[in-house]
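Written below as structure tokens is the structure these notes are about.
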Amino acid sequence: MKHEIIIIADKIETKKCKSHSEAAKIKIVRTGIQISSCCVEFKNYLERQIEYEFYKLFSKEEDEL
């Protein structure tokens, strides 16, 4: 699972804020993924993207069972 979290974090980390052209800083901590970004809207966007990536991951694992 740790490997999948790293892949998701790397995928999300490459995105840049359209308003400020800055990339977010993403760290993997014990409690999950921590996001530091330039604005609240971009942070919310990244959180939704992470949730979507986890959804895709878990639905893929369910299909394999």
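The values are calculated or read from the model by the stated rules, or taken from the named source; none is laboratory data. Worth saying up front: this structure is predicted, and the values here are computed from it rather than measured. Note that each Cβ is placed from the backbone with ideal geometry, even for glycine, and that neighbours are counted across all protein chains shown. Just so you know, the surface numbers come from the protein's heavy atoms only, side chains and all, with ligands and any DNA or RNA stripped out. Shrake-Rupley method; radii C 1.70, N 1.55, O 1.52, S 1.80 Å.
Scanning the stretch 7-32 for residues that are of a type in the set (Val, Ile, Thr) and modelled with pLDDT of 85 or more yields ILE7, ILE8, ILE12, THR14, ILE26, ILE28, VAL29. Within the stretch 1-20, residues that are open to solvent by 100 Å² or more (accessible area, probe 1.4 Å) reach partners that are not in a helix (DSSP H, G or I) with beta carbons closer than 7 Å, at six or more positions or on different chains, in the pairs LYS16/GLU22; LYS16/ALA23.
Taken together, the residues in the stretch 21-65 that are open to solvent by 60 Å² or more (accessible area, probe 1.4 Å) and assigned to a helix (DSSP H, G or I) amount to 17.
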